[in-house]
1. Would you please put 136-143, 234-241, 55-62, 221-228 in order of how densely packed they are, using the mean number of other Cβ atoms within 10 angstrom per residue and starting with the highest?
2. Using the Cβ atoms and a cut-off under 12 Å, what net charge is assigned to the surroundings of G112, where Lys and Arg are +1 and Asp and Glu are -1?
3. Take the Cβ-Cβ distance between R207 and K128 as r, set R0 to 30 Å, and report the resulting FRET efficiency rounded to the nearest 0.05.
4. Around S165, with a cut-off of 14 angstrom between Cβ atoms, what is the net charge of the other residues, counting Lys and Arg +1 and Asp and Glu -1?
5. Tell me, rounded to the nearest percent, the portion of alpha carbon pairs in the range 140-226 spaced more than 23 Å apart.
6. Lysines within cross-link reach of K120: Cα-Cα under 26 Å, excluding same-chain residues under 8 positions apart?
7. Sort 103-116, 178-191 by packing, meaning the average of other beta carbons within 10 Å per residue, with the highest value first.
8. How high is the FRET efficiency between R93 and R221 when r is their beta carbon distance and R₀ equals 35 Å, given to the nearest 0.05?
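Values in this text are rule-based calculations from the coordinates and carry no lab data. Computed from a predicted structure; not experimentally measured. Please note: Cβ atoms are built from the backbone with ideal geometry, for glycine as well, and neighbour counts cover all protein chains shown.
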Amino acid sequence: MGETRIGWRTAAVAGAATVAFGSGAGTASWAAYRLLTTQAGTARGMIGRDTSKPPEADGIYSSDGHEPWRTGKYADLHLMIFGDSTAAGLGCRTAAEVPGVRLAHGLADATGQRVRLSTKAISGATSKGLAGQVDAMFVAGPPPDAAVILVGANDVTKKHSIGRSAQRLGAAVSRLHGAGSIVVVGTCPDLGSVTAIPEPLRTVVHRWSLQLARAQAAATRAAGGRIVAMGDLLSKDFRAAPEQLFSADGFHPSAAGYALAATHLLPELLAALGQRDMAAADISPRAAAT
């Protein structure tokens, strides 16, 4: 989702207009604003400000375990993670709990390959930060075989334009796809499942989360990527068992929450890689015959 130093006041101002829309009464609008700003302060206080860092997780993963990445080391497959602190694994206590590690281990177990994991995700990032993360990837070396992007919650809490946020995501997907990477995007999670956010503010951010997720899905597909609808797939579970699936800050997922997310991301990654490999196998004989 991103760091918890989030723009609740902005959300409250815009949310007040949403709640009071159509009432035609200035008093109702002011009351809605006061209610939502009060609730925003309550949510901010309950969630707190997590200044911790996710565990260092980059390296090479195989069925035999894990080893650090160094120049000269070999990996069959390069997986790179982009996005915000949920992509980086804020809330995890050990590297083994980080979502990228779970995906790297899953790919290694399913394919028998050595998988290199690299993380470009940054806590607090919005879709505006994706361009810089992709720039950093190109500076560091060749593009990865597979890229996973998790972003959107901070766009909601900072009330960025849904259209512009989706366009920025689409641009990042297009650059990665154009460079030969398969790209899987976990769309915006449902912030309505965060129980630390009281009603009616929770309903407001729930609505924005769904709108952004739909726009992200359209932009991702248009740019050549694949999507996993995280809000649709996870919100029911997070609402049913928040004490298990949220970390201590009440905002970021716990190890169990990240594990659940990875179970939905991994099949899409494997399907995309399988499709790529089948396409390559189909092209190779033709190329050899010419």
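1. Values: 136-143: 12.8, 234-241: 16.2, 55-62: 19.8, 221-228: 18.2.
Most protected by this proxy first, the peptides run 55-62, 221-228, 234-241, 136-143.
2. Details: positive: R114; negative: D64, D76, D109.
Value of the local net charge: -2.
3. Numbers: r = 22 Å, r/R0 = 0.73.
The value I calculate is 0.85.
4. Numbers: positive: K128, K158, K159, R164, R168, R214; negative: D84, D155.
Here the count lands on +4.
5. Working: 1032 of 3741 pairs.
Of all Cα-Cα pairs in the range 140-226, 28 percent lie more than 23 Å apart.
6. K120 reaches K53, K73, K128, K158, K159.
7. Numbers: 103-116: 20.1, 178-191: 23.9.
Taking the mean over residues of other Cβ atoms within 10 Å, the ranking is 178-191, 103-116.
8. Details: r = 35 Å, r/R0 = 1.01.
Step by step, r from the Cβ atoms, then E = 0.50.
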